[in-house]
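Student: One structure, pasted below without further comment.
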Amino acid sequence: MRLPIYQVDAFAEKLFGGNPAAICPLPQWLPDATMQAIAAENNLAETAFFVRDGADYALRWFTPEVEVDLCGHATLASAHIVLSFLEPQRHSVDFHTLKAGTLTVARRGDTLAMDFPSWPPSPVEPPPGLIAALGGTPRDVLRARDYMAVYGSAAEVAALKPDFAALAKIPDYWAVIATAPGDDGVDFVSRFFAPAHGINEDPVTGSSHCTLTPYWAKRLGKAELKARQVSRRGGALECTLNGDRVGIAGRAVLYLEGEITV
């Protein structure tokens, strides 16, 4: 069986920036083990698969090791494929997901804007080993789906050199977000570490901004925020808090189009 595949740089200001995602439109679902094997073969943070669902699409995401409950950059990349190549006459697309509900992505100028759930974090005691594994002491630690370590400056976040082997051994968590106030017109910065799930550092992470946006909106007293993920590739996001929903917008650039044989 030959299937189309695309690779898209999401939240990218130019090609070779942002977070690369593989996108596989399917005529029908493949066995879970096959989709997981394709994701492992692609060896990107996420591979997204979608099938037609009425006028919309059903969407799933896989890291090289596991299926995930929500992925922002691969959703943005999937929308780019639908709205730019498969159905360019459309203004928006709805993706039905297993655990995150319906996710709508719409054109907004030269960006694509996603409508995601808001996951406000609450203060917690850091689990043993977390701070040492991060390599820098945060001012606060909070948690929603992910732990979130809050630092005093963007420079502190950029300078972190985590011990990924130690982070992977911390039980009962998905990932760790490191964040701090931004500068030069950026409201906040972040990095994202998920070594227990095959992703030491994710270049740009949409789902983490479901937690970052409500936190920084409350702390800064503003609903519209400019964010930057300060990974090596880097990426820019425009975030808006809308009650119990979060708007996350960014740009996407096609890198590759081809076929796979399974």
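Student: Just to be sure, is GLY258 without any contact (Cβ under 8 Å) to a residue 24 or more places away in the chain, of a type outside the set (A, V, I, L, M, F, W, C) and either within 28 Å of ALA39 (Cα to Cα) or outside the structural domain of SER92 (by TED's automatic domain parsing) (or both)?
Tutor: For GLY258, the condition - without any contact (Cβ under 8 Å) to a residue 24 or more places away in the chain, of a type outside the set (A, V, I, L, M, F, W, C) and either within 28 Å of ALA39 (Cα to Cα) or outside the structural domain of SER92 (by TED's automatic domain parsing) (or both) - is not met.
Student: Can you name the condition, by its number, that PRO88 falls short on among (1) in contact (Cβ under 8 Å) with a residue 24 or more places away in the chain; (2) in the same structural domain as LEU26 (by TED's automatic domain parsing)?
Tutor: In the conditions (1) in contact (Cβ under 8 Å) with a residue 24 or more places away in the chain; (2) in the same structural domain as LEU26 (by TED's automatic domain parsing), PRO88 misses (1) alone.
Student: So, one more: Scan segment 210-232 and tell me whether some residue there is more than 20 Å from GLY152 (Cα to Cα), among the β-branched types (Val, Ile, Thr) and outside the structural domain of PHE62 (by TED's automatic domain parsing).
Tutor: No; the residues of segment 210-232 include none that is more than 20 Å from GLY152 (Cα to Cα), among the β-branched types (Val, Ile, Thr) and outside the structural domain of PHE62 (by TED's automatic domain parsing).
Student: Which condition does ARG232 not pass, out of (1) in a loop (DSSP other than H, G, I, E, B); (2) surrounded by 16 or more Cβ atoms within 10 Å (Cβ to Cβ), if it passes all the others?
Tutor: (2)
Student: Counting only residues that are loosely packed, with under 13 Cβ neighbours inside 10 Å and of a type in the set (Asp, Glu), which one in segment 88-133 is modelled with the lowest pLDDT?
Tutor: Taking the candidates together, the pick is ASP110.
Student: Among the residues of segment 18-40, what is the count of those that are farther than 13 Å from GLU67 by Cβ and buried (at least 20 other Cβ atoms within 10 Å of the Cβ)?
Tutor: 7
Student: Related question: Pick out the one residue from ARG90, ARG52 that is basic (Lys, Arg) and either in contact with a helix residue (DSSP H, G or I) (Cβ under 8 Å, 6 or more places away or on another chain) or under 18 Å from VAL204 (Cβ atoms) (or both).
Tutor: Working: ARG52 fails: either in contact with a helix residue (DSSP H, G or I) (Cβ under 8 Å, 6 or more places away or on another chain) or under 18 Å from VAL204 (Cβ atoms) (or both).
Among ARG90, ARG52, only ARG90 is basic (Lys, Arg) and either in contact with a helix residue (DSSP H, G or I) (Cβ under 8 Å, 6 or more places away or on another chain) or under 18 Å from VAL204 (Cβ atoms) (or both).
Student: Looking for something farther than 20 Å from ARG143 by Cα and touching a Leu at 6+ places or on another chain (Cβ under 6 Å) - is there at least one such residue anywhere in segment 227-242?
Tutor: The answer is no, given that none of the residues of segment 227-242 is farther than 20 Å from ARG143 by Cα and touching a Leu at 6+ places or on another chain (Cβ under 6 Å).
Student: On to the next question. Go through segment 109-167 and give me each residue that's in contact (Cβ under 8 Å) with a residue 60 or more places away in the chain and in contact with a Gly (Cβ under 9 Å, 6 or more places away or on another chain).
Tutor: THR111, LEU112, ALA113, MET114, ASP115, PHE116, PRO117, SER118, ALA154, VAL157
Student: Write out, first by first residue and then by second, each pair whose Cβ atoms fall under 7 Å of each other, whose residues are 6+ apart or on separate chains, and whose first residue, in segment 41-54, is buried (at least 20 other Cβ atoms within 10 Å of the Cβ) while the second is of a type in the set (Phe, Trp, Tyr).
Tutor: Note: pairs meeting the criteria are GLU46/TRP61; GLU46/PHE62; THR47/PHE62; ALA48/TRP61; PHE50/TYR57; PHE50/PHE95.
Student: Looking only at strands (runs of 3 or more DSSP E) that fall completely inside segment 1-108, which ones have 2 or more residues that are under 15 Å from the mean Cα position of the chain (by Cα)?
Tutor: 2-10, 19-26, 46-53, 56-62, 102-108
Student: Answer yes if at least one residue in segment 208-219 is touching a helix residue (DSSP H, G or I) at 6+ places or on another chain (Cβ under 9 Å), closer than 18 Å to ARG251 by Cβ, modelled with pLDDT of 95 or more and surrounded by fewer than 24 Cβ atoms within 10 Å (Cβ to Cβ), and no otherwise.
Tutor: No, segment 208-219 contains no residue that is touching a helix residue (DSSP H, G or I) at 6+ places or on another chain (Cβ under 9 Å), closer than 18 Å to ARG251 by Cβ, modelled with pLDDT of 95 or more and surrounded by fewer than 24 Cβ atoms within 10 Å (Cβ to Cβ).
Student: Could you check how many residues of segment 129-152 are within 22 Å of SER207 (Cα to Cα), part of a loop (DSSP other than H, G, I, E, B) and not aliphatic (A, V, I, L, M)?
Tutor: The number of residues fulfilling the criteria is 4.
Student: To continue, here is another question. Please go through segment 61-70 and give me each residue that is within 20 Å of LEU256 (Cα to Cα) and either without any contact (Cβ under 8 Å) to a residue 24 or more places away in the chain or touching a strand residue (DSSP E or B) at 6+ places or on another chain (Cβ under 7 Å) (or both), ordered by number.
Tutor: Those that are within 20 Å of LEU256 (Cα to Cα) and either without any contact (Cβ under 8 Å) to a residue 24 or more places away in the chain or touching a strand residue (DSSP E or B) at 6+ places or on another chain (Cβ under 7 Å) (or both): TRP61, PHE62, THR63.
The values are calculated or read from the model by the stated rules, or taken from the named source; none is laboratory data. Just so we're clear, the structure is a prediction, and the values are computed from it rather than from any experiment. Neighbour counts are summed over all protein chains in view; Cβ atoms, including those assigned to glycine, are modelled from backbone coordinates with ideal geometry.
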